[in-house]
Amino acid sequence: MAEELIIAQASKAEKYTTLLPQVQALCTGEPNLVANLANIASALKMTFDFFWVGFYLVEKEELVLGPFQGPIACTRIAYGKGVCGSSWKQNETLVVPDVEAFPGHIACSSESKSEIVVPIRKNGQVIAILDVDSNALNDFDGIDAQYLNELCEWVGTHCF
């Protein structure tokens, strides 16, 4: 078990390429979903100093708050509502440069300014969502989408 992360002082892409194998090693062999999701959220927050990082788990027609790092959050989000519910419904990653401009945005924190939401799938079905918020506008891009999609694909096949 790792006691600390090696955090690259480099470009965003280099940080992700350093982080992802560490996260995989940290979770490999640990069967507890909550422990793994908690460590993944912590690793992402530590590496990138994101405002909020967490998971929502699909339960019937709602997303229910799972492990996260950051200020308190919305506990339940309906299917198709807000950025998280929309990502679930559309089964696709959503990069939102300005959350105030997103129709139906659910303001769990007024400090959140931009967001990326990535579905986690098992057997093609969305089973959870990774939600990452920033307190800066336009903080996420294609690099985040690429690497967070890669991470979530791994999480869906190895942690659930």
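The values are calculated or read from the model by the stated rules, or taken from the named source; none is laboratory data. This structure is a prediction, so every number in the text was calculated from the model and none was measured. Neighbour counts run over all protein chains shown; Cβ positions are idealised from the backbone, glycine included.
Condition check ((1) in contact with a helix residue (DSSP H, G or I) (Cβ under 8 Å, 6 or more places away or on another chain); (2) surrounded by 16 or more Cβ atoms within 10 Å (Cβ to Cβ); (3) more than 20 Å from THR157 (Cα to Cα); (4) among the aromatic types (Phe, Trp, Tyr)) across all residues:
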position: PRO31; (1), (2), (3), (4): no, no, no, no
position: ASP49; (1), (2), (3), (4): no, no, yes, no
position: GLN69; (1), (2), (3), (4): yes, yes, yes, no
position: THR75; (1), (2), (3), (4): no, no, yes, no
position: ASN91; (1), (2), (3), (4): no, no, no, no
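For the stretch 93-126, the set of residues classified as in contact with a helix residue (DSSP H, G or I) (Cβ under 7 Å, 6 or more places away or on another chain), surrounded by fewer than 16 Cβ atoms within 10 Å (Cβ to Cβ) and more than 14 Å from GLY80 (Cα to Cα) consists of LYS122 only.
Residue pairs whose Cβ atoms lie under 6 Å apart, sitting 6 or more positions apart in sequence or on different chains, and linking a residue in the stretch 72-91 that is assigned to a loop (DSSP other than H, G, I, E, B) to a partner that is surrounded by 17 or more Cβ atoms within 10 Å (Cβ to Cβ) and small (Gly, Ala, Ser), are TYR79/GLY85.
Of all residues in the stretch 1-47, those that are touching a residue at least 40 places away in the same chain (Cβ under 8 Å), in a helix (DSSP H, G or I) and β-branched (Val, Ile, Thr) total 4.
Kindly indicate whether any position in the stretch 130-141 is of a type in the set (D, E, K, R), in a strand (DSSP E or B), at pLDDT 95 or above and over 28 Å from SER11 (Cβ atoms). No, there is no match, as no residue in the stretch 130-141 is of a type in the set (D, E, K, R), in a strand (DSSP E or B), at pLDDT 95 or above and over 28 Å from SER11 (Cβ atoms). State all residues of the stretch 115-130 that are of a type outside the set (Val, Ile, Thr) and closer than 11 Å to ASN149 by Cα; if no residue qualifies, say none. Those that are of a type outside the set (Val, Ile, Thr) and closer than 11 Å to ASN149 by Cα: PRO119, ARG121, LEU130.
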